[in-house]
Amino acid sequence: MAGNLLVNIAWTHVTTRVRQTLVGMAGVAMGVGFTIMMAGLMEGSQIDFLRQLVDTMPHVTVQDERRAAPVQPADREYGAVQMSNVANVNNRPGIRHPESMMASLRSWLPGDVAPSVRTTAIIDHGGRVGITLIGIDPRLEVRVSKLASQMREGQVGDLQRAPNAVIIGLALADKLAIKTGDTVSLVAGQGTQVSSTVVGVFRSGLKRVDEGQIYATLGTAQVMMGQSGIINELRVRLNNPLIADTIAKRVEGQIGYKSVSWQEANSDLLSSFAVRDFIVLTVMGAMLLTSSFATYNIISTITNEKRQDIAIMKSLGMRETSVRSIFIMEAAMIGLVGMIAGWAIGYALCFGWSQITIYNTLTGTNVPISIYYSPLHYIVAGGISLLCCTGAAFFPARKATRVHPVEIIRGAS
Amino acid sequence: MSEIALQAVGLVRRIEGAVSHTLVNGIDLAVNKGEFVAITGPSGSGKSSLLYLLGLLDAPTDGEVIICGQPTSKLSEDDRAHVRLTKCGFVFQFHFLLPEFTSLENVLLPMRAEGKMSEKDMLARGLDLLGSLGLKDHAQKRPNQLSGGQRQRVAIARALSNRPEIIVADEPTGALDTSSTEQVFGILREIADQGRTVVVVTHDPALATRADRRLHIVDGKIAQTFEGQKLAPEPAVAAPTDQ
């Protein structure tokens with residue numbers, strides 16, 4: 001069967017029913033357009049959130065602990081041995097030989113590494129708030145975090161300007177009415193208390209960080225812990241944050257200490273994203289499926305109107321599958337043009353949304369709506385739509401072409 | 001001895017249902033190549049049903065249709081379609097032309113469906129056929145721009161386009177005025193004279209006299225056959241038994 005003939009008939013059918021064809025195309029275009037917009041919005045907001053999250057924390061954190069209890073010498077020596085109530089030797093906390101470990105990691109890491117001391121304390125400035133105190137090396141910290149760019153007042157280097165200087169989050173500063181230059185009291189768990197000068201304020205955008213984390217020098221943090229020279233955390237920043245999981249495993253394999261990627265640290269959040277993605281995909285699929293109902297209606301109408309033509313084509317010797325393919329091609333034509341129009345609508349909607357800013361009451365700033373432009377959105381939305389359209393046409397086309405030509409010819413006569 | 005183009009052996013077409021209904025009841029028939037056969041009979045006698053069976057538009061409940069020596073009862077639906085496309089040409093009471101296509105495009109339809117000829121050759125043949133039926137100037141017109149007679153002539157051109165051995169026509173003049181009827185019947189006669197087999201169902205006894213043979217169908221059976229000199233008189237038959 002000459003394919004050109006079938007295409008020609010299909011093209012003639014869709015072009016002689018301009019209004020119906022346009023309605024069908026509009027349905028597909030709207031479905032594709034809004035799906036692209038929704039995908040861009042959802043993925044944009046997700047990427048924006050993750051970027052904020054990734055910027056705020058190290059990509060890999062090496063902690064001074066191990067995932068499993070160390071293997072006992074007896075276990076190593078004997079094949080079968082039972083031990084109970086084994087107490088580990090109470091080693092001094094902290095990572096051993098941090099400088100040599102960092103040097104070793106720097107030799108292959110696609111990024112950089114810096115030491116830090118993490119401890120908890122209470123900040124007292126009229127009110128008392130429990131915080132996480134992070135001791136950093138200001139010179140190295142700028143290589144492994146975005147703290148420098150998050151500074152709203154002062155600079156990271158100011159930590160070395162005054163004894164026991166601290167940089168605090170904007171939300172904490174607001175909560176305790178602290179201003180740059182104020183003196184606050186830091187109280188450690190062991191009872192150690194130091195007076196600190198606030199030399200800067202930062203804003204990461206994450207409330208729990210801005211309200212519960214402060215930075216000091218390594219020395220101040222070591223004093224608060226009562227452990228001079230201790231380094232209990234190595235902070236790694238990678239050129240590509242997406243490979244953090246792989247790097248964390250390699251680091252842990254090399255140095256033995258527990259290494260946590262940002263993905264592992266936020267696994268609960270990421271799994272909730274997976275659920276959200278599933279919901280979004282379901283909604284988008286439903287939108288595309290709904291839009292294909294317009295095509296179903298049009299093909300049903302055309303096949304009903306064309307019952308006589310179908311009978312004649314069959315009586316002339318055209319096969320049922322060939323006649324059926326005419327109507328499926330018609331749906332594909334409607335779907336194809338609708339898809340291209342939908343791409344344009346989707347892009348325009350995404351662009352329109354990206355021009356809008358929303359006032360964030362938490363941060364007090366106008367935040368632009370994040371849109372993620374991805375060719376994949378266009379390919380997936382268009383592909384599914386095309387598939388739905390041709391699928392929607394299949395059933396009315398099959399029903400119509402199964403009609404016995406004699407019935408139609410007799411009816412017309 | 002003449003070559004048989006179309007043969008029916010014990011042809012039966014029954015509609016099963018709450019009440020069974022026999023449309024064609026054991027017809028045996030052989031039509032020679034180049035023969036013009038007219039089928040007449042009262043309404044509901046089964047003449048159109050017989051024609052649809054002979055043209056493979058319908059499948060018999062029992063019996064066999066042999067087209068150009070090829071038995072067809074065991075053919076698949078697709079193979080039957082292919083036989084229709086290559087060996088049979090259909091003309092119906094109504095033209096049944098595709099309304100969105102021009103006369104020429106309608107004539108080209110079977111050729112394009114077969115896809116064996118080049119586009120150039122198809123166009124040449126299509127124009128040639130339309131010209132031979134006096135429609136050369138109407139090649140680019142759509143069916144709604146043609147008169148009833150012209151439409152039916154386009155339908156005949158379409159039926160002839162694949163050079164079929166057999167032309168099957170179901171009351172081709174039923175919706176035409178007298179002059180168009182004469183013209184269409186004349187064309188069918190010419191087609192037969194050129195060596196093609198023509199089987200026509202008609203209500204018009206006068207037209208049937210122009211055939212080589214007339215089969216009169218009553219209740220799904222051949223009641224009478226008229227040939228040669230006996231074609232002229234209208235047979236005295238029982239009142240129509242509408243089914």
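Read-outs: derived from the displayed coordinates by stated rules, not from any lab. Just so we're clear, the structure is a prediction, and the values are computed from it rather than from any experiment. No Cβ is skipped: glycine too gets one built from the backbone with ideal geometry, and neighbour counts run over all protein chains shown.
How much FRET efficiency would the formula 1/(1 + (r/R0)^6) give for residue A:77 and residue A:246, where r is the Cβ-Cβ distance and R0 is 35 Å, rounded to 0.05?
Plugging the Cβ-Cβ distance into 1/(1 + (r/R0)^6) gives 0.50.
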Loop sites only, by DSSP: take the trypsin sites (Lys or Arg not before Pro) in chain B that have at most 16 other C-beta atoms within 10 Å and name the longest stretch containing none of them.
B:142-243
Please compute P(r) over all alpha-carbon pairs of chain B, binned at 5 Å starting from zero, and give each bin as a whole-number percent.
1, 6, 14, 17, 19, 17, 12, 8, 4, 1, 0
Rg (Å, one decimal) plus Dmax (Å, integer) for the alpha carbons of segment A:179-302?
25.4, 85
Using alpha carbons only, how many angstrom separate the centre of segment A:285-347 from the centre of segment A:136-195?
66
List the residues whose amide H sits under 5 Å from the amide H of residue A:213, counting only those 5 or more places along or on another chain, with H placed 1.01 Å from N in the peptide plane.
A:132, A:169
Once you put a point 7 Å from the Cα of residue A:182 and another 7 Å from the Cα of residue B:121, both along the Cβ direction, what distance in nm separates them?
9.6
Under 19 Å Cα-Cα from residue B:33, which lysines qualify once same-chain neighbours fewer than 8 residues away are excluded?
B:87
Put a dot 7 Å past each Cα toward the Cβ at residue A:398 and residue A:162; how far apart are the dots in nm?
7.9
Expected max-MSF residue from B:55, B:41, B:134 in the GNM of chain B (alpha carbon, under 10 Å) is B:134
Select from A:102, A:186, B:215 the residue farthest towards the positive end of the dipole of the protein assembly as shown; place +1 on Cβ of Lys and Arg, -1 on Cβ of Asp and Glu, and compute about the Cα centre.
A:186
Correct semi-axes for the protein assembly as shown, from √(5λ) of the alpha-carbon gyration tensor and rounded to whole Å with the largest first, are 92, 27, 19
For a footprinting-style exposure proxy, rank A:379, B:187, A:326 by other Cβ within 10 Å, fewest first.
A:379, B:187, A:326
Which ³J(HN,Hα) values, rounded to whole Hz and listed in residue order, are derived for segment A:134-144 from phi using the Karplus coefficients 6.51, -1.76 and 1.60 in 6.51 cos²θ - 1.76 cosθ + 1.60 with θ = phi - 60°, glycine and proline given as x?
10, x, 10, 9, x, 5, 7, 4, 5, 7, 10
According to a simple spin-label model (label point 7 Å from Cα along Cα-to-Cβ), what is the distance in nm between residue B:194 and residue A:45?
7.3
In terms of the charge dipole of the protein assembly as shown, which places +1 on Lys and Arg and -1 on Asp and Glu at the beta carbon, the residue among A:160, A:71, A:270 farthest towards the positive end is A:160
What share of all Cα pairs of segment B:86-188, in percent, falls into each consecutive 10 Å distance bin?
17, 53, 28, 2
Which of A:93, A:34, A:11 sits farthest toward the positive end of the charge dipole of segment A:1-131, with +1 on the Cβ of Lys and Arg and -1 on the Cβ of Asp and Glu?
A:11
Can you compute the charge dipole magnitude of chain B about its Cα centre, using +1 on each Lys and Arg Cβ and -1 on each Asp and Glu Cβ, nothing else charged? Give it in debye, rounded to the nearest 20.
400
Could you give the radius of gyration (one decimal) and Dmax (whole number) of the Cα atoms in segment A:263-409, in Å?
22.4, 76
Lysines whose Cα lies under 27 Å from that of residue A:207, excluding same-chain neighbours fewer than 8 positions away:
A:146, A:175, A:179, A:258
Amide H to amide H, which residues 5 or more places from residue B:25 or on other chains are under 5 Å from it, using H placed in the peptide plane?
B:13, B:221
Measure out, as a whole number of angstrom, how far apart the alpha-carbon centroids of segment A:214-277 and segment B:8-51 sit.
89
Taking 1 over the mean of 1/r across every pair of different Cα atoms in segment B:1-124, what Kirkwood radius in Å do you get?
16.4
Values of log10 I(q)/I(0), in the order q = 0.19, 0.22 Å⁻¹, for segment A:86-221 under a Debye, Cα-only, solvent-free model:
-1.07, -1.32
Checking the cross-link filter: which lysines have an alpha carbon closer than 23 Å to that of residue B:141, excluding same-chain neighbours under 8 positions apart?
A:306, B:120
Computed over all unlike Cα pairs, the Kirkwood hydrodynamic radius of segment A:238-289 in Å stands at 13.1
If each residue's Cβ is checked for other Cβ atoms within 10 Å, how do A:389, A:350, B:88 rank with the fewest at the top?
A:350, B:88, A:389
Gain in length, residue A:289 to residue A:139, computed as 0.36 nm per residue apart minus the alpha-carbon separation, to one decimal in nm?
48.4 nm
Using +1 on the beta carbon of Lys and Arg, -1 on that of Asp and Glu, and nothing else charged, what's the dipole of segment A:272-379 about the Cα centre, debye to 20?
200
Could you tell me what fraction of 2.2 N^0.38 Å the Cα radius of gyration of segment A:266-351 comes to, as a two-decimal ratio?
1.66
Filter the DSSP H helices in chain A by two things, a Kyte-Doolittle mean of at least 0.5 and an axial alpha-carbon span of 24 angstrom or more, and list the hits by number.
A:18-56, A:267-305, A:320-354, A:375-401
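Which value, in debye to the nearest 20, gives the size of the charge dipole of the protein assembly as shown about its Cα centre, when Lys and Arg are +1 and Asp and Glu are -1 at the Cβ?
Details: 62 positive and 59 negative charges, 171 e Å.
Dipole size: approximately 820 debye.
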How do A:343, A:353, A:262 rank when sorted from fewest to most other Cβ atoms within 10 Å of their own Cβ?
A:353, A:343, A:262
For segment A:164-273, which trypsin sites (Lys or Arg not before Pro) are in a loop by DSSP, counting at most 12 other Cβ atoms within 10 Å?
A:179
